[in-house]
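Taken together, the values in this text are just the output of simple stated rules run on the coordinates, not laboratory data. As the structure is a prediction and not an experimental result, all values here were calculated from the model. Note that each Cβ is placed from the backbone with ideal geometry, even for glycine, and that neighbours are counted across all protein chains shown.
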Amino acid sequence: MINKIHSLGGYIHEYQKSIANPEAFWTQQAECFFWRKRWDKVFDWNFDEPNIQWFVNGKLNITENIFERNLYTHGNQEAIIWEPNDPNDETRTLTYSELYQEVNKFANTLKRLGVGKGDRVAIYMPMVPELAIAVLACARIGAIHSVVFAGFSANALQERINDATAKVLLTADGGFRGDKITPLKKIADEALESCPTIETVVVLKRTNSEVDMVVGRDIWWHKAIDGQSDTCPAEEMDSEDPLFILYTSGSTGKPKGIVHTTGGYMVYTAYSFSNVFQYHVDDVYFCTADIGWITGHSYIVYGPLLAGAKTLMFEGVPTWPNAGRFWDIVAKHKVNQFYTAPTAIRALLAKGNDFLEEKKLQSLKVLGTVGEPINEEAWHWYHDHVGLNRCPIVDTWWQTETGGIMISPLAGITPTKPSFATLPLPGIQPIIMNGDGKELTGNSVEGNLCIKFPWPGIARTIWNDHQRFKDTYFSTYNKMYFTGDGVKRDEDGYYRILGRVDDVINVSGHRLGTAEIENAINEHPLVNESAVVGYPHAIKGQGIYAFVVCGELSTGGEEGIRKSIMQGVTKIIGPIARPDLVQLVPGLPKTRSGKIMRRILRKVAEGDATNLGDITTLLDEDVVDKIIDGALVDV
Ligand code: WT7
């Protein structure tokens, strides 16, 4: 059992306790788990190096806490309910006992392939139960998983495999998404043309697509597991041994391999899951994310399974075969907690209410959102039409780096306010800073969101680049974790997240670095330079606007070059990073020192070029007029 708060008074009490005596508070949470050896010290930290350790010298295995700890009471209960892409195909369910056996089998398979504690395993798979099995099998034997979202390109996959120097790649022949098939193995083959550390590729048969199997390297999943024992002793891990790497975009350069470790992540995901969603035994919980993102790691796999929950995994997309797909799943499986992204809500809202039938939504008790600020219109639609005016909405603010939910209502306990993430979870100490490094105290203030005290789920480092970890998160403000988000604390002390204050954009809840997209655009042979900014987009939250300077035009003319730039980005990063608008410009607005004035480009992209502010430091003011004249509008 995980400790659960039941009332607003209880929340306030726990929150105060967690601040007054964090050792005692987190000891109480960690004692809910099975440790092979108890920790010597609850935490040890400084935000200077930074060096963060939780449950120091504790020994455990996270899968022992999912399985052995839950099997007596939950063995025959569903662990994973899997809903396939095609509604006419069959649902698959795995009980805790069945999942345990599958995980052990695959853990033994990995061992036989030479994977051991600390080795990295790259996973590039569709949303099928084997993906969760693969993740847990790695954890069982102490291998570090690095899941790469199956929408990323060959190039992006290659970069991630090589950064982590993974030994094995787990993939599938293909993946179904709506009426499309993603040729995963083909993309993986392209990536592997230059991945010297990969020894073996295990390929799951899912779409029956034609694939090339490389002799000596590639092996079919079903053959690999054949004959493997379904018992596999859990590897004893130190609390601070890495559990996984997950790549995310930053404001500069290449993606960062965020590292999460074992003990703290376990305690934090399970605690936050149980409390935010107020999960009760026998509830069916459905998070629509992909396991390729942190939401899927923490709130499809680890958090729910540690809590002994029934977690629903969906292979498909919200709008296929029609925009009622989510609600059909809710009705079919009597979903109680439903967790999705504002972009999905906006997309479904735009399709009208015909797909929402009250009788299909009766089982819902709690609605959640994550990934980006939710606008009030979407909040109200979600509340009134999906939640039928009776389900609390938990607007959960967190990040890949935080491991779990940080600021959020507790469902049915914290009074909500549209577009507000409301209050911090117990143990979380947000602080608002201004541009000059001063804390903004009291209510009705707006500034940059930092966290001043560690929590168990915080990332420990960036794989292979601790300096970058320090520079990115712990150098902007002294002795504080800087989130990169702007925030407002209103008159009631409630937090409203305003969005990124750095060069990160959030497209459909997916985080992208503008520099990363610019690098991809600049690979185009005709491009001299480029600048990318976000602009408000009705469905995606933010769209991608690229200003591009070309040396000369190709024979296809402007339209041709725009198209090929978009295709180039899709190829280098993946479809999620494809610019919505590409404007060819004669030059970029630069200061005399050569810095691009993004502020101006953002204004143009927003369609508001009337008030550009001070542009006297610009090298060439004419260029701005030309950019404004040629500005594009999304229709
Ligand atoms: C960024 C983190 C954490 C899982 C999904 C995204 C934005 C996240 C909210 C929210 C407003 C939000 C922030 C944050 N964000 N949740 N409830 N309200 N903004 O993880 O890819 O690491 O992105 O997403 O800007 O910094 P991520």
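Couple of notes before you dig in:
- Using R0 = 56 Å, the C-beta based FRET efficiency linking THR73 and ASN389 works out to 0.95.
- Proxy reagent accessibility, fewest Cβ within 10 Å first, across ARG140, ARG112: ARG112, ARG140
- A simple spin-label model places pseudo-atoms 7 Å from Cα toward Cβ; at HIS280 and LEU553 they are separated by 6.6 nm.
- Cα-based shape type of the chain, given that a ≥ b ≥ c are square roots of the gyration tensor eigenvalues and the cut on a/c is 1.5: rounded
- Between the amide H of LYS590 and those of MET597, LEU619, ASP620, distances stay under 5 Å, these residues lying 5 or more places away or on another chain, with hydrogens modeled in the peptide plane.
- Amide H contacts of GLY75 (H built 1.01 Å from N, under 5 Å, at least 5 apart or other chain): none
- In this calculation the C-beta distance from ASN21 to LEU498 is compared with R0 = 35 Å, giving a FRET efficiency of 0.60.
- Options HIS510, GLY541, GLN583, ranked by Cα towards positive dipole end of the range 508-630, top entry (Cβ charges): HIS510
- Distance in nm between pseudo-label sites at ASN478 and ASP622 (7 Å out along the Cβ direction from Cα): 4.8
- Ranked ARG38, ARG496, ARG592, criterion: other C-beta atoms within 10 Å, fewest first: ARG592, ARG38, ARG496
- Look at the Cα gyration tensor of the range 508-630: its axes a ≥ b ≥ c give a/c of at least 1.5 with a/b at or below b/c, and that counts as oblate.
- In this simple spin-label model, placing a label point 7 Å from the Cα along the Cα-to-Cβ direction at both LEU526 and VAL635 gives a separation of 2.3 nm.
- Along the axis of the charge dipole computed for the range 8-487 (Cβ charges of +1 for Lys and Arg, -1 for Asp and Glu, origin at the Cα centre), the listed residues ILE12, TRP293, ALA421 are led at the positive end by ILE12.
- Violating pairs (Cα-Cα greater than 23 angstrom) within the set LYS595/LYS626; LYS365/LYS540; LYS105/LYS332; LYS571/LYS626: LYS365/LYS540; LYS105/LYS332; LYS571/LYS626
- Trypsin sites (Lys or Arg not before Pro) restricted to DSSP loop in the range 339-399 with at most 11 other C-beta within 10 Å: ARG390
- Fully extended contour minus Cα-Cα distance, from ASP354 to ASN51, at 0.36 nm per residue: 103.8 nm
- For the chain, size of Cβ-based charge dipole, Lys and Arg +1, Asp and Glu -1, in debye: 940
- Using a cut-off of 18 Å between Cα atoms, the listed pairs LYS185/LYS205; LYS180/LYS205; LYS117/LYS186 include LYS117/LYS186 as exceeding that distance.
- From phi via Karplus (6.51, -1.76, 1.60), per-residue ³J(HN,Hα) for the range 435-444 in Hz, x at Gly/Pro: x, 8, x, 9, 6, 9, 8, x, 9, 6
- Added length on full extension, which subtracts the Cα-Cα distance from 0.36 nm per residue, HIS13 to ASP44: 8.7 nm
- Centroid-to-centroid separation of the range 581-621 and the range 310-379 [C-alpha atoms, Å]: 40
- Annotation: extensible slack from ARG599 through ASN443 equals 53.3 nm (criterion: 0.36 nm per residue apart, minus Cα-Cα distance).
- Sequence-ordered 3J(HN,Hα) estimates for the range 45-57 from the Karplus curve with 6.51, -1.76 and 1.60 and θ = phi - 60° stand at 7, 8, 8, 8, 5, x, 9, 10, 10, 10, 6, 4, 6 Hz, glycine and proline given as x.
- Sites SER209 and ARG92, calculated FRET efficiency, Cβ-Cβ separation with R0 22 Å, nearest 0.05: 0.65
- Our coupling estimate for the range 612-619, obtained by passing each phi through the Karplus curve with A = 6.51, B = -1.76, C = 1.60 and θ = phi - 60°, is 8, x, 6, 10, 6, 7, 5, 6 Hz, Gly and Pro reported as x.
- Cα gyration tensor shape of the range 243-346, rounded if a/c is under 1.5, else prolate or oblate by comparing a/b with b/c: oblate
- Alpha-carbon centroid distance for the pair the range 394-458 / the range 237-275, whole angstrom: 18
- Packing, taken as the mean count of other beta carbons within 10 Å per residue, orders the peptides 246-258, 623-635 from highest to lowest as 246-258, 623-635.
- Ordering of 186-198, 608-620, 410-422 by burial proxy (mean other Cβ atoms within 10 Å per residue, highest first): 410-422, 186-198, 608-620
- Local charge for ILE123 was computed over the other residues whose Cβ lies under 11 Å away, with Lys and Arg +1 and Asp and Glu -1, and equals +1.
- Sum of side-chain charges, GLY427 neighbourhood, beta-carbon under 13 Å (Lys, Arg +1; Asp, Glu -1): 0
- Taking amide H positions as modeled 1.01 Å from N, with prolines and chain starts lacking one, the residues under 5 Å from SER153 and 5 or more places away or on another chain are GLY574.
- Exposure proxy ranking for HIS6, HIS260, based on other Cβ atoms within 10 angstrom of each Cβ and starting from the fewest, stands as HIS6, HIS260.
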